[in-house]
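Take a look at the structure below.
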Amino acid sequence: MQKQEFRNPDAVLDIKDRPKALPWLGLSLQHLFTMFGATVLVPILVGINPSIALVSSGIGTLVYLVTTKGKIPAYLGSSFAFIAAMQMLMESDGYPAIAQGAITTGLVYVIVSLIIKRAGAAWLDKILPPIIVGPVIMVIGLGLAANAAQNAMYNDSVYDFKYILVALATLGLTIFFNMFLRGFLGLIPILLGIVGGYLIALASGIVDVQPIIDANWFGLPSFEIPFINYEPKLYLNAITTMAPIAFVTMTEHIGHLMVLNKLTKRNFFEEPGLNRTLLGDGFAQIAAGLVGGPPVTSYGENIGVLAITRVHSVFVIGGAAVLAIVLGFVGKLSALILSIPGPVISGISFLLFGVIAASGLKILIDNKIDFDRKKNLIIASVILVVGIGGLVFTVGTFTLSAMALATVLGIFLNLILPDSSRSEEK
């Protein structure tokens, strides 16, 4: 007798559910709008064409979905972890060095995935108990909270009351749409919030429409393909600079899987397995490097959309990836989405990031973590303050991000601290 596949009863659309055409388009656009700002910000800071970053994020996401057998609803966009390294390499050797670094980080993922496949992932339960998982998920949600608040308040470093009003109006609209709309409209509160916030920002005069007017309707993204656009050579500095950062982004990768496990009521560490999720991430980074984009990673913003809408369909994520690829060739649409001002994105982020943090809190509650025990109190305290406070560990060109450092410290404390302090012993 064939085993019936699990379906999450709390999901409006579960992982394998395929929506009808019109709702599908709206749901995918919602994910596209959510990830757009961050995905194009990375190439802008580094000096890479934003259009190719869109294309590479779409390709990387599709590669990830195929590699994970369509079992994990994750969108992959440009990774912030590599910005400093990419800026340095762009100045010294140009994009070919960045591409080699991206491909190298992808290969690191592939190697680690093969090791995990051989050794198994049972060790995860020991090093990542609920007392670590819960606070780490809270850090994922709240780690960028300060940036969201800054973007909602400041216009070129000057406090702007108009910005705050737009951000709060966007947040208010999104909450209203999420609470009071039904049917299909009730599934796209983020998209409606962004559209409503954009119209308010437009009326407030904080949207620059000139780039939309100047943009071409269609254009070929600036692909950087080896042996076609450039002759590849060995860049040792690219390998030594970017490869170690792969271990930092792996920590973030695991953290995002923890959130997705909670949302979808599944265990992706077991099926399709951590080895396959890392393999998918590695292949996606390699694909991004081969077409001219920055390294990609899973996005917490899109996980927030999954949590709010309870639409977990991989078809919706795949649709967003296809739209991102198409958008890379349509200059007017790219310019339109790029013109969404920071306060609108911040208004949405207040809700998205908070939902992820609340998911971490729910893990602590569901597992009845006892905070009268000093060990639990210490571990959670260190993870939250280090992660949310933004403490980073830098040696040379290697930087351990706040989230990664918080996770490492949490694991270390959990392994070395006794279950009870001397004062708690009877």
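Dipole size in debye (nearest 20) for region 338-380 around its Cα centre, Lys and Arg Cβ +1, Asp and Glu Cβ -1?
Values: 5 positive and 3 negative charges, 36 e Å.
In debye, rounded to 20, region 338-380 gives about 180.
When only Cα pairs below 8 angstrom with a gap of at least 6 residues are kept, the chain shows a relative contact order of 35 percent. One entry in (i) 63, 43, 40; (ii) 68, 45, 38; (iii) 74, 60, 57 is Cα extents along the principal axes in Å calculated from the shown coordinates; its label is (iii).
The Cβ shell under 15 Å around Leu415 holds other residues with a net charge of 0, Lys and Arg each +1, Asp and Glu each -1. Annotation for Leu377 and Thr240: the two label points, set 7 Å from Cα along the Cα-Cβ direction, are 4.7 nm apart. For the options Pro295, Pro73, Pro211, a Gaussian network treatment of the chain with springs between C-alpha atoms closer than 10 Å singles out Pro211 as fluctuating the most.
Starting from the Cα of Lys368, draw a straight line to each of the lysines and keep only those under 17 Å, dropping any in the same chain fewer than 8 residues away. Within the straight-line cut-off, Lys368 pairs with Lys262. Of the complete DSSP H runs in the chain, those spanning 27 angstrom or more by Cα along the long axis with a mean Kyte-Doolittle score not below -0.5 are 21-46, 95-119, 161-180, 245-264, 342-366. Surface listing: Phe177, Phe268 arranged by accessible area from highest to lowest gives Phe177, Phe268, probe 1.4 Å.
Given their separation in residues at 0.36 nm each and the Cα-Cα distance between them, Leu168 and Phe184 gain 3.3 nm when the chain is fully extended.
Can you figure out the FRET efficiency of Asn229 with Ile111, using R₀ = 35 Å and their beta-carbon distance, to the nearest 0.05? The calculated FRET efficiency here is 0.80.
Given the DSSP H assignment, sum -39500 (n - 2.57) over each helix run of at least 4 residues in the chain and divide by its residue total; what's the result at 222 nm in deg cm²/dmol, nearest 500?
Numbers: 19 runs with 280 residues, N = 426.
Using -39500 (n - 2.57) per qualifying helix, the result is -21500 deg cm²/dmol.
Excluding ligands, DNA and RNA, the accessible surface per residue across the chain is 45 Å² with a 1.4 Å probe.
Taking the Cα centre of the chain as the origin, how large is its charge dipole in debye, to the nearest 20, when only Lys and Arg (+1) and Asp and Glu (-1) carry charge on their Cβ atoms?
On the way: 26 positive and 24 negative charges, 247 e Å.
For the chain, the charge dipole is close to 1180 debye.
Rounded to 0.05, the FRET efficiency of the Asn267 and Leu391 pair, given R0 = 45 Å and the Cβ-Cβ distance, is 0.90. Judged by the mean number of other Cβ atoms found within 10 Å, the most tightly packed of the peptides 84-90, 332-338 leads the ranking 84-90, 332-338.
My understanding is that a pair violates if its Cα-Cα distance is over 21 Å; which of Lys16/Lys126; Lys265/Lys375; Lys71/Lys117; Lys20/Lys265; Lys69/Lys126; Lys69/Lys265 do that in this structure?
Working: Lys16/Lys126 31 Å; Lys265/Lys375 28 Å; Lys71/Lys117 18 Å; Lys20/Lys265 24 Å; Lys69/Lys126 27 Å; Lys69/Lys265 18 Å.
The answer is Lys16/Lys126; Lys265/Lys375; Lys20/Lys265; Lys69/Lys126.
For Lys332, go through the aspartates and glutamates and keep the ones whose alpha-carbon is under 15 Å away, minus same-chain ones fewer than eight residues off. Cα-Cα hits under 15 Å: Asp208, Asp214. Which net charge results when you count Lys and Arg as +1 and Asp and Glu as -1 among the other residues whose beta-carbon is under 11 Å from that of Arg7? Summing Lys/Arg as +1 and Asp/Glu as -1 gives -1.
Taking all protein chains together, Tyr75, Tyr154 sort by accessible area into Tyr154, Tyr75, largest first [probe 1.4 Å]. Relative protection proxy for 315-323, 183-191, 213-221, from highest mean packing down: 315-323, 183-191, 213-221 (other beta-carbon atoms within 10 angstrom). Using the average count of surrounding beta-carbon atoms within 10 Å as a protection proxy, the listed peptides 103-110, 341-348 rank, highest first, as 341-348, 103-110.
Using the Cβ-Cβ distance between Asp17 and Lys362 with R0 = 35 Å, the FRET efficiency computed as 1/(1 + (r/R0)^6) comes to roughly 0.90. Using a probe radius of 1.4 angstrom, the carbon and sulfur fraction of the accessible surface of the chain is 66%.
The values are calculated or read from the model by the stated rules, or taken from the named source; none is laboratory data. Keep in mind that what you see is a predicted model, and the values were worked out from it rather than measured. Positions of Cβ are generated from backbone atoms using ideal geometry, with glycine treated the same way; all protein chains shown enter the neighbour counts. Protein only, heavy atoms only, side chains kept; ligands, DNA and RNA dropped before computing areas. Shrake-Rupley method; radii C 1.70, N 1.55, O 1.52, S 1.80 Å.
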